Amino acid sequence: MHAKFLKAFSILILTSVTLFFSACIDKDDDPDSGPTEEAGTILWTWETADDVGIVSQPALADDGTVYVAVGGATTTWVPARIYAINPDSTVRWVTEELDHVGTSSNIAIGPDGTLYVIGFLTLYAINPADGQFKWTWEAPDPYHTQIGWLAVGEDHMIYCSNIAAGSYVRSLFAVKEGVMQWRRDRESIYGASHTIIGPNENLYVYWRHQGTGNHHIDSYDPSTGQLHWASEPLEAGLYSATSMVFNQSGNLLVSLHHPVYKVMEINSADGSTISVSEQQLNLMSICPNKDIYTFIGNSGLHCFTGGLSENWMIENGVSGSHGVAVDVDNRAYVNGWSGNYGGNIQCWNNDGTLNWATPAASAAHAPLIGDDHRIYVTGGFSPGYLTCIQGDKPLAQSAWPRPDHDNKNTRNYNLW
């Protein structure tokens, strides 16, 4: 009798312990258990040295690593380096110096995790494991000038172009593993101002023409550089487009700048104009419901329908020209530096009401929103700051939810 009691008691204890630990494991592994902190809570802030700042849009990898370019720019002239910041705010590695005090492109992450960034003349490929340069490339003579507008192909091809001023030939380059695969020239232009990859995997480039307002958009085969089509002159005035993205229909939306303010929808298949709207839009981000978030001058955040009718605006609420990030619930995340909410990271609902605002360093770039709902923003200079904030939703996978499309800044419709 005594032995039977001990056996039954042992089974009861073992079962209770098993159920307890199973419940703990299930709770920890439950992806729907949500964040432990309230949305808008600052989790940590990483600070640069006093003589430098964050000089371009950071990039966010799948494992939560944030990559930032840190340099002195024209303030202190300290050469730029790339830093890898772990999810706990510790530094994993730092690269050697780049060839300039800033960068001519944002950091981009390729499909295999390789980082790409342009200093001034040099395109760098960086090993994400240790920060060592895998290879470097510079444009050959007579094209050896500043390059920029980096875009990442699905086959590890990197696209960039000459961007400096001048009336001589400017070129578009395709580079793979440090070797130029092809080059396409454009004569008598100021340089490229946008390079993006569409849902059909074709390459689209906005060319600024020197001394005229007759700018063009070209579509190229990504493998060979063959020209598919060139648009009619866009009559954009002296300045470039402020934004070129793809909408949910897979067509180009191009926002033209001073002195001609208009937004054009262009058929990505043949370059024909679908519609023209007399609107002044800056950087555009596309919501899952097809709405468009943008800033217009100093008038604040605006929300337009996909047909470019204005839904609402936040008058003097926030001003920030570095763009908006959109989550799966069509909410806008803004890193603004002036207006009633200046110096705050804000989350705006799709109806124009404020969800939350959190004080942080002055704005520098559009927010990053991770799959773990963490939000990363940058601001300040000498020193610069990277701030991690708890959110409650991931980045939308709409047509174009951030200025450079995704958290990896690929400028490629097909990559996430």
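Any read-out appearing in this document is the output of simple, stated calculations on the displayed coordinates, not a laboratory observation. Since the structure is predicted, the reported quantities are computational estimates derived from the model, not experimental observations. Reconstructed Cβ throughout: ideal geometry from the backbone, glycine too, with neighbour counts over all protein chains shown.
Here the 3J(HN,Hα) profile of region 249-256, calculated from phi with Karplus coefficients 6.51, -1.76 and 1.60 at θ = phi - 60°, is 7, x, 9, 6, 10, 10, 9, 8 Hz, Gly and Pro shown as x. Given their separation in residues at 0.36 nm each and the Cα-Cα distance between them, VAL328 and THR45 gain 99.3 nm when the chain is fully extended. Here the translational diffusion coefficient of region 39-390 follows from Stokes-Einstein with Rh set to the Kirkwood radius across Cα pairs; for 20 °C and 1.002 mPa s it amounts to 103 µm²/s. Fully extending the segment from VAL179 to VAL94 would add 28.1 nm, taking 0.36 nm per residue of separation and subtracting the current Cα-Cα distance.
Could you check what % of the DSSP bridge pairs in region 39-390 are antiparallel, to the nearest 5?
Around 100 percent antiparallel, to the nearest 5.
In plain terms, the chain from LEU121 to GLU154 could stretch by 9.5 nm, reckoned as 0.36 nm per residue minus the Cα-Cα distance.
With both labels modelled 7 Å from their Cα along Cα-to-Cβ, the TRP135 to SER249 distance reads 4.0 nm.
Taken as Cα centroids, region 364-401 and region 98-133 sit 20 Å apart, rounded to the nearest whole angstrom.
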